[in-house]
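Here is the structure we will look at.
The values are calculated or read from the model by the stated rules, or taken from the named source; none is laboratory data. Only a predicted model underlies this, so the values are computations on that prediction, with no experimental measurement involved. Note that we place each Cβ from the backbone using ideal geometry, even for glycine, and neighbour counts take in every protein chain shown. When the accessible area is computed, the model is the full protein with side chains, heavy atoms only, and any ligands, DNA or RNA have been set aside. Shrake-Rupley method; radii C 1.70, N 1.55, O 1.52, S 1.80 Å.
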Amino acid sequence: MDKKRCFWVSTQDQIYKDYHDNEWGIPCHDEHYLFESLSLEAFQAGLSWITILKKRENFRKAFDNFNLQKIKNYDEKKIETLMQDAGIIRNRLKILATINNAKIFEEIQKEFGSFDKYIWHWTDGKVINNKIKSEADFIATSPLSDAVAKDLKKRGMKFLGSTTIYAYLQAIGVVDDHEESCFLSKKD
């Protein structure tokens, strides 16, 4: 018998189950993963998350395993190579945003000591557990995601509105939106 998971997890796609079971909602403090996840969330805007998950290995290969130092220095030749890569989302604005966001990510690291300290300072290092009882309780934005998105935009980041940031906060475990019936739900 399969485990009870959150409503959004497709029972058909193992990649979705693995993502839900091993990544989504688990507090993350790894700089590399925080950048990769932020970048993938920006690419997901307007698309389904399963599309991104299925292309994630292609993204890693195309974007030098999300090496911040390499990405921030991409030139027009590299951008054109990415635009020809059918394994990723070939959206020029999103590619340019990833390069731009790498530079801003690094500026935030310098200012705060790490991006981890920046992103977790919004909740004083605490996980927000929304006690999701059903799909009806699931939200797409919050005052927190509004504030973080506004601040990141002010700093110059692109393709990171409140909905994208809310999904990011869920992905990296700042927000725990596992349904109470999910096997990963934290019982207080």
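How many residues does the range 142-188 hold that are of a type in the set (S, T, N, Q), in contact with a helix residue (DSSP H, G or I) (Cβ under 8 Å, 6 or more places away or on another chain) and in a loop (DSSP other than H, G, I, E, B)?
1
Note down all Cβ pairs under 7 Å where the first residue falls in the range 90-116 and is touching a residue at least 40 places away in the same chain (Cβ under 8 Å) and closer than 22 Å to D30 by Cβ, the second is surrounded by 15 or more Cβ atoms within 10 Å (Cβ to Cβ) and of a type in the set (S, T, N, Q), and they're at least six residues apart or on different chains.
T98/S39; N101/S39; F115/Q109
Counting just the residues of the range 104-122 that are among the hydrophobic types (A, V, I, L, M, F, W, C) and not in a loop (DSSP other than H, G, I, E, B), which one comes out farthest from K70 (Cα to Cα)?
Of everything passing the filter in the range 104-122, W120 is farthest from K70 (Cα to Cα).
Quick one: P143 ticks every box in (1) over 21 Å from Y33 (Cα atoms); (2) open to solvent by less than 60 Å² (accessible area, probe 1.4 Å) except a single one, so which number is it?
Single failed check for P143: (2).
What's the total number of residues in the range 1-35 that are in a helix (DSSP H, G or I) and surrounded by 19 or more Cβ atoms within 10 Å (Cβ to Cβ)?
4
Search the range 42-69 for residues that are in contact (Cβ under 8 Å) with a residue 24 or more places away in the chain and farther than 15 Å from R90 by Cα and pair each with any residue that is open to solvent by 50 Å² or more (accessible area, probe 1.4 Å) and not in a helix (DSSP H, G or I) when their beta-carbon atoms are under 7 Å apart and the residues are at least 6 apart or on different chains.
Final answer for the pair search is none.
Consider E106 carefully, then state whether it is at pLDDT 95 or above and crowded, with 16+ Cβ neighbours inside 10 Å.
Considered against the rule, which asks whether it is at pLDDT 95 or above and crowded, with 16+ Cβ neighbours inside 10 Å, E106 comes out as yes.
Every residue in the range 123-141 that is of a type in the set (S, T, Y) and either at pLDDT below 95 or not in a loop (DSSP other than H, G, I, E, B) (or both), please.
The answer is S134, and nothing else.
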